[in-house]
């Protein structure tokens, strides 16, 4: 009987999950967990596809990775598909990467994630976690071949100094959408088939990532993160790109480019979004007039404020207040 690689290292999948999560429920096909206090907020559903290959559905509101833990001598890869949300990852070597809705992020076991910042609303993901050796052996068995070499399988991801991020192509999107909508009949078999289909679709990472490099230094990422914080402050005051770039000590062009990459919107769009969120909160106070609220949100002209509010929310300030 072949030894389980997790057993050889005194770790099995149940133990890995139980370190950071509470078991909620378990049935024949899957297991549900909730993140432990201090680790974050959210739940995960885990399915064992085959020996050394796990499929995980996650709904996470916050996450605090413990990158200081001792390294387990397990050569694994984690593929994450972002269904909803946006996340920024900082590695222990200060490299940064990010993933938004429709993106794929691939992590290796060598470089640990030091920090993970989620946007409001958290993230929903589908994760495929596999041991390289076991995957190569399983693929060779399934296809009755010896083509899949464990030393070459996902070698770029294994040797990467950060997680690899890129937008999913149409085929990958359809595959992950299929994993979201598994019919009840033969569900375990469909889940396994689609999981391996996703893995096979990503064997040539160079082709998938062509023209989609999304990397920047940790220092740049931290400065852009600081810029985002500043955009949420002093909403009643004007803050130009020049002012912002000077405060975070980052070139204006770089600030605009990386900000759009990290958050999916321009600096101006983000500032407007934050102002409109504040306006929604202020509209709950009947003692404040629309003119007062406009001023607190940085608009000297209440008409321009109302027009912007309607463009963003679909309602006038008065309609929102009545709702």
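Just so you know, all these numbers are worked out from the coordinates, no wet-lab data involved. These figures come from a predicted structure and were not determined experimentally. Backbone-built Cβ (ideal geometry, glycine too); neighbour counts: all protein chains shown.
Shape of the stretch 72-175 from its Cα gyration tensor (a ≥ b ≥ c, root eigenvalues): rounded if a/c is under 1.5, otherwise prolate when a/b > b/c, or oblate?
Oblate, because a/c is 1.5 or more while a/b does not exceed b/c.
Modelled label-to-label distance, residue 292 and residue 61, 7 Å Cα→beta-carbon offset: nm?
The two pseudo-label positions are separated by 3.1 nm.
Test of understanding: what is the full-extension gain from residue 170 to residue 187, defined as 0.36 nm times their sequence separation minus their Cα-Cα distance?
3.8 nm
Give the shape of the stretch 218-322 as rounded, prolate or oblate, defined through the alpha-carbon gyration tensor: a ≥ b ≥ c are the square roots of its eigenvalues, a/c under 1.5 means rounded, and otherwise the shape is prolate if a/b is larger than b/c and oblate if not.
prolate
Quick check: pseudo-label points 7 Å beyond the Cα along Cα→Cβ at residue 253 and residue 241, how many nm apart are they?
Taking the simple label geometry, residue 253 and residue 241 are separated by 1.1 nm.
What is the order of 84, 51, fewest Cβ neighbours within 10 Å to most?
Arranged by neighbour count, lowest to highest, 84, 51 become 84, 51.
Dimensions of the stretch 133-262 along principal axes (Cα, Å, largest first)?
That works out to 65, 37, 22 Å along the principal axes.
Would you mind calculating the gained length between residue 260 and residue 322 on full extension (0.36 nm times residue separation, minus the Cα-Cα distance), in nm to one decimal?
18.9 nm
If contacts are Cα pairs under 8 angstrom and at least 6 residues apart, what is the relative contact order of the stretch 89-219 in percent?
For the stretch 89-219, the relative contact order is 36 percent.
Just want to confirm a number: the relative contact order over the stretch 107-178, from Cα pairs under 8 angstrom separated by 6+ residues, in percent.
Once divided by the residue count of the stretch 107-178, the mean separation gives 42 percent.
To the nearest 0.05, how large is the calculated FRET efficiency for residue 268 and residue 204 if R₀ is 30 Å and r is the Cβ-Cβ distance?
The pair residue 268/residue 204 has a calculated efficiency of 0.20.
Could you work out the relative contact order of the stretch 218-322? I mean the mean sequence separation of Cα pairs under 8 Å and 6+ apart, divided by the number of residues, in percent.
24
Using 1/(1 + (r/R0)^6) with R0 = 22 angstrom and r between the beta carbons of residue 152 and residue 74, what's the FRET efficiency to the nearest 0.05?
0.70
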